[in-house]
Amino acid sequence: MAELSESELLARIFPRLHGGDSTALLLGPGDDAAIVAAPDGRAVVSIDTQVVDQDFRLEWNNGYRTTGYDVGWKAAAQNLSDINAMGARATSLVVSLTMPPETRVAWVEDFADGLSAAIRELGAPDCAVAGGDLGRGRELAVSVAILGTLDGRSAVLRSGARPGDTLALAGKPALGAMNRLKASSSLTDGAKWRLAAAYQLAGQPDVAKQLMGVDPIRVLTDRELGGTYGSTLRDQAMALEALVLIEPGSKRADEVARKISERLTDKRWLSTQETAFALVAMARYAGAGTGDPLSLTWRLGADPAQDVRSDKPMLSIPLPVIDGTPELKVKSSTGAPLYARLVTRGLPRLGEEEAAASGITVTVEYVQTEPYQQLGVVDLDQGVDFKAIVKVKNNRGKKLEELALTQVVPSGWEIHGTAPGPGDGYEYRDVRDDRVLTYFDLDKGAERTFTVGLNASYKGRYYLPPIIVEAMYDAEINGRTKGEWVQVAEPGPRG
């Protein structure tokens, strides 16, 4: 950039910018400001900003380098999308580009080409680049503001969306970007299945089938506690969605659906990500069938059998609570396979919880502050200040991310001297009237200590709940202490 002045650089990029056929642009680049007409008296306005390493990267882990063309295309596309989503027609846009001194002129020219190509190819031929600004800074950043007109129509608002509305793709699928992704050597199995489905929807069934070589039954994905929150079930669900599109009614689709159903119905915990992907995939699988109505009979214990019929692919039936261990029988009335799940939830009675550790342990000790000494909290003097010292240790054999430590205090105690916000050894701490919530990561084999200040404030008998630590995205990683009843009484001898 140091080799050219601003006017010289503008002279290089102006010819590359899309002029458009817009009758709304009354005065374009070259003056202090552009003049844009509002044909029906209203202007639809939107703006988006992209900053390097926040909204895009110049270099990716797979070796790909983001070009100026890529950034220009995205800058135009995301703004055109906002205008289109409002039911408006884009008439003009202005661009602000901030660049570090080492930015090459060729990159800026490439950016202008990508910006103009997106305008032409995304169906906005009368949208003109009306002007903008160039500046220097430490980071590469792009801001685009866009204007549009409703041409006398009412705006389409987010609040107007209703169940049953159709979602449609405007323009053509980005086959160039899809081909670039397909050529990557670092595609995961889940990404291949997702990309295969995209090719099928884009009218490229042969390419879709080439990407389907991975056996979805043998997919084994380490559970991610952060990032994309992936897992084996999540990836199998993505594979089933692709199979429903590419091989509807195939034996392979049936096998994957059965595998997902088995995982949904066992007693192991599922993350929100897994549950959502699995249910969506099973719904698509059910919807791709013959369309026969769901018909079944169920019976609980000695109660009379109930016949159920539904046109929906999924059905939820509340069951009454019956003492003992009644047997539940479910039978298909048509002979078609049914995938049933029995969901039961409950809490143990106060004082009957047991301490537990699964991949992570949590322990607590209480100490009096003045004089400093270990303290039993079953029977406390009113007014005493003390601290809960909680230790959490990672026994999982790998780093644990996104951990949550929950400390709920009895209603006769008060929390004090414990500040909310980020802190040493944790990402964030949320302090409320009756609990402290601490969020952190823990390296393999590491142990961390957390301290909370407390005061025995109100006389009476209260329940001290267990202290619980768990991975927010894998409930099978958890630890807890045992709950107990505690008392706060007047200082002095106990009678």
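For (1) in contact with a strand residue (DSSP E or B) (Cβ under 9 Å, 6 or more places away or on another chain); (2) within 19 Å of Leu150 (Cα to Cα); (3) in contact (Cβ under 8 Å) with a residue 12 or more places away in the chain; (4) aromatic (Phe, Trp, Tyr), each residue gets a yes or a no:
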{"residue": "Glu59", "(1), (2), (3), (4)": "yes, no, no, no"}
{"residue": "Ser96", "(1), (2), (3), (4)": "yes, no, yes, no"}
{"residue": "Glu102", "(1), (2), (3), (4)": "no, no, yes, no"}
{"residue": "Leu115", "(1), (2), (3), (4)": "yes, no, yes, no"}
{"residue": "Ile119", "(1), (2), (3), (4)": "yes, yes, yes, no"}
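Taking Glu109 as the residue in question, decide whether it is under 24 Å from Arg180 (Cβ atoms) and either part of a loop (DSSP other than H, G, I, E, B) or out of contact with any strand residue (DSSP E or B) (no Cβ under 9 Å at 6 or more places or on another chain) (or both). In short, yes.
Would you confirm, using the coordinates I've provided, whether Asp126 is at negative phi, charged (D, E, K, R) and in contact with an Asp or Glu (Cβ under 7 Å, 6 or more places away or on another chain)? Taking the combined requirement at face value, the residue satisfies it.
Going through Arg104, Arg57 one at a time, which residue ends up being modelled with pLDDT under 90 and under 30 Å from the mean Cα position of the chain (by Cα)?
Going through Arg104, Arg57 in turn, just one is modelled with pLDDT under 90 and under 30 Å from the mean Cα position of the chain (by Cα): Arg57.
Name the pairs: first residue in region 184-204 and surrounded by 20 or more Cβ atoms within 10 Å (Cβ to Cβ), second residue at pLDDT 90 or above and not in a helix (DSSP H, G or I), Cβ to Cβ under 9 Å, at least 6 apart or on different chains? Within 9 Å, the pairs are Ala198/Gln204.
Kindly state which helices (runs of 4 or more DSSP H) lie completely within region 210-307 and contain at least 2 residues that are at pLDDT 85 or above and exposed (fewer than 14 other Cβ atoms within 10 Å of the Cβ).
Working: elements: 232-246, 251-265, 272-287.
Counting at least 2 such residues, we get 251-265, 272-287.
Of the residues that sit in region 433-489 and are of a type in the set (D, E, K, R) and within 21 Å of Thr418 (Cβ to Cβ), which one is surrounded by the most Cβ atoms within 10 Å (Cβ to Cβ)? Among residues in region 433-489 that are of a type in the set (D, E, K, R) and within 21 Å of Thr418 (Cβ to Cβ), the one surrounded by the most Cβ atoms within 10 Å (Cβ to Cβ) is Glu470. If you go through region 330-351 and keep only what is assigned to a loop (DSSP other than H, G, I, E, B), more than 21 Å from Leu405 (Cα to Cα) and either touching a helix residue (DSSP H, G or I) at 6+ places or on another chain (Cβ under 7 Å) or not polar (S, T, N, Q) (or both), you end up with Gly335, Ala336, Pro337, Leu338, Tyr339, Ala340, Arg341, Leu342, Val343, Arg345, Gly346, Arg349.
The values are calculated or read from the model by the stated rules, or taken from the named source; none is laboratory data. All values reported here derive from a predicted model rather than from experimental measurement. No Cβ is skipped: glycine too gets one built from the backbone with ideal geometry, and neighbour counts run over all protein chains shown.
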